[in-house]
Every structure is written in structure tokens, then in C-alpha cells.
1. Tally Lys and Arg at +1 and Asp and Glu at -1 over the other residues with C-beta under 10 Å from the C-beta of TYR220: what net charge comes out?
2. Under a straight-distance cross-link criterion of Cα-Cα below 19 Å, which aspartates and glutamates are reachable from LYS330, leaving out those fewer than 8 residues away in the same chain?
3. Rounded to whole Å and sorted largest first, list the principal axis extents of the Cα atoms in the range 207-340.
4. I need the peptides 228-234, 39-45 ranked by packing, meaning the mean over residues of other C-beta atoms within 10 angstrom, with the highest value on top.
5. If you count only protein heavy atoms with a 1.4 Å probe, what accessible area per residue comes out for the chain, rounded to a whole Å²?
6. What is the Cα radius of gyration of the chain over 2.2 N^0.38 Å, N being its residue count?
7. What Rg and what Dmax come out for the range 44-84 when only alpha-carbon atoms are used, in angstroms?
8. Simple spin-label model, 7 Å along Cα-to-Cβ: GLN68 to SER80 in nm?
Amino acid sequence: MKIRHHFISSLLLIYLLTACRSDDLEHDHRIQLSLEHITSSEQDVTYEGPNLSDNGTEIILRGTLFNQPAIFLSQLIDTSWTPLQAIITPSTPINNSNAKFISFSKNITSHGSINYNGPMVYQGTIVFAAELDNLKNGVFYSIQKQGEWITNAIMQTGDIIENNKVINLDAPYINKNKVYFLTSLKTEDEKTIYTIFTFDIPSQTLNMVLTSNNNDISQYWDMSLNKINFAIRGESQTTHAQNIYLHEQSNVLKSVYSTLYLPPGTNRYTFGGPSYFSDNKQEYVVNLVRFYDVLTSKYTALYSNIFPNFLWVATHDTIMDPQTNNIKDKIIDVGNPTLEINANKAWIAFQGTATKHKDRIGIYASSVNLHTIASLTSRAPIFPVIEPDDILQGIGTVSQIFLGSVSLRQQKITVATQLHTGEYEILLFHIANI
């Protein structure tokens, strides 16, 4: 199967925009947004939301090839992206196993959030979660040796760890040669233990970093890793309330939020998984919070420990037109944020629905100067990256857009789109304040 590729040395679309809210005139951020077209699919190929490696030089994603699940990889070599290649498929052999892959799961636990099972990549090593034809699921890694991809299991359901049976796994991440992932274990007396493991690939060493036996957090979901530290979503055994927790070097979990403001008309909320980033001085997170009234969903917002007094983005926020600087639309729903700190600026990319396209998501971004956080009297601006029905010069008209869980790195945002023609595209947006 050949996949058609477009390699473009120059950026296809460059425009400047000023994005601010109508009630937020203290912010007047001129933004440079440029588009790089990575690849187009042919018939019988589909793409899901892509993820970027930490250094911004690798794109990894799930999709399908001839209606079969596949994991695709593209790498930036010098100034060109390699052809998007299906690295792992159901026919990929697993070292020392006769089992076959049947799915590269979006969600293989009962409470996980979409996309938090990867795949992820770091310098050519791919980690991912998968379901097998023997009814097990597990965490795996693939590495290229002498031109051949070798795939190994790290842990699978049914494995015995210190007399405890593995019953669930999810959220594999990788930093350098170390894989981080979450598990649920069942003890001999039928008690469930939630754990965080690391696996060092060169030494093949498995290490239990944290366990719910040693802290008040009864459940772990949705890990987000940056460098050697991470954040998770968890639930307190004492209060049964969810929160976002930062992993401290002393192997303890520290809650991010003490109390949350409840918007009028709502009486409860649930957390989405975090996006975590460390600038080596401080740890930052951003995450979805969904508020409810008794019967229906009413309000969604992106919270962050960056802002002491504000939500970052919320339902009813305005989106500004990049050409006229007038109000273009309003946010209805938000989710799936990725956070990055770069040159004292905090950036997020996230998906959202707006009043113009209530049934299709667009991709939006926002930034704030960390040096001015304490003096802010209003929230940071929102600007559109790509929206449904956008016309991309030389490519086509956008129908659907898909975002991964690590969509923003090195001030690049990667997305998958489906055009009105049915073709899928992988795009890379370069963003910068000027």
C-alpha cells in the first residue's frame, strides 16, 4: 500500500493575527501561525489524532490500513519529514509470543480519557497499549535494530507482580529509554491496588514507583509525563473526590487544586486528565473540568495552576477573527489540552466546539507570559488554529479534525484532518508571538 506524500520545503500558509477577547483589551498578542503539510493519505488509510515527541521531530499516531488498525510514524530528518510508515499492525510479531494484536486501544480501562493510551515516541522508540487475540491487553515497545522493527511486551494482564495479578494497564509514556505506565493489580484477598511502574529498556528493569497502598489516592488515571516527572488524575480514598496530582521526587503525590469555583447553575464536576510540563523551575498542569447540574452537562473549562485567579478557557469565551480582530464565534465545549512552557511563555493547544460548528471540533491555542501572571486582571486570549470548513491552499476543505494528547511541542501543533473529499491529512502548525 502506497501513501501519497507531499514534501514541502517552505511553509504553505503564513498569516499574522491579533487574538483577544472583547473584554480583554489588555492582551494584544500578535501571533504568527504557519502551516506545514506533512502527508496525505490514499484510499483505505485513516488517521486519528497524532502525538509529537518532546523534541518535536517525530509524529506518532493510530489509524487504519485496509480497515485494520495500525500505528504510523514520521520523523524529521534534516529538513524533511520521512514518509508516514505503518510500523505496527496486526501482523507485527511480538517477541517471544504467539499472540497477535487486534486493537491499539483508545481506552482499555473503565475510567480513562480518550487518547491517554498513546502511542508515544522518543528517538525512534515507540510505546503503546494494545489488545491481543488471547483476550489480554498490555503495554509494549518497538525499537528498530539493523533496519528491522522489534516489538516486545513490557507487561500484560494476567502477569503476576509480587503475588499480585495485573488486571488493567494504560497510559504508556516514554522519556529517553524509560517507559512510564499505570496498572491495576488484584491481591490474593481480592483487593485492588493502583500502581505506577517504570521500565528501563536497556537494562530490562521493572520498578514500582508508587502504589495506592502507600498514599491516600485510591485510583490512578491519565498520566502525563514531561522529562522525568508526571501528573495524574486520581481519587482520594478519604473524600472520594477527584483531583490532579503532581509526582514529587520523594515519591509522593501532591494535589494541585484545593477548591474549585462552581459556576452558577451547577452543583458537581468531574476532572479530565492533565497535561503536565516542567520548565526545570516549576511544575505546571492544565486539565479539563466538566461541570454539571442535576440532569445535563452545562459548562466546561480548562483549569491550570498557572492562573491563581482565573480559568484559562471556558464555555462562552469568545474566539477572535484572525483577519478582522472582531468576534468570530463563541466556545461551547473544550477538552484535550496540551501544555508547553517555552521562553517564559505558557502555551496550550486544545480542541473545542463553537456555535458555528456545534457537531465538529476545531483546534484553538492560547498563550500567556509567565512574568505577568501576578498582574493579570483578565484571562488570556484564544485564537483559532484550524476549524471545520477552513480552506487550505493547495490541500482542500477541512471536514473533520483530530487532536492527540500531546499535540504541542517546540511551538508546533500537529493535527490530523479529513477533507470533504474523504482524504486524511497530517498537518503541523508553527506558532510564535511576534
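1. On the way: positive: ARG233; negative: ASP170, ASP222, GLU235.
Here the count lands on -2.
2. ASP23, ASP24, ASP28, ASP317, ASP321, ASP359, GLU387, ASP389, ASP390
3. Sorted largest first, the three principal extents are 54, 38, 23 Å.
4. Details: 228-234: 23.3, 39-45: 17.3.
Highest-to-lowest ranking by the protection proxy: 228-234, 39-45.
5. Heavy-atom accessible area per residue stands at 42 Å².
6. On the way: Rg = 21.3 Å, N = 434, 2.2 N^0.38 = 22.1 Å.
Scaled against compact globular proteins, the figure is 0.96.
7. According to the Cα coordinates of the range 44-84, Rg and Dmax are 11.0, 33 Å.
8. 2.9
The values are calculated or read from the model by the stated rules, or taken from the named source; none is laboratory data. The structure presented is a predicted model; accordingly, all values stated were derived computationally and were not measured. As a convention, Cβ positions derive from the backbone with ideal geometry for all residues, glycine included, and neighbour counts pool all protein chains shown. For the accessible areas, the whole protein counts, side chains as well, though only heavy atoms, and no ligand, DNA or RNA atoms are used. Shrake-Rupley method; radii C 1.70, N 1.55, O 1.52, S 1.80 Å.
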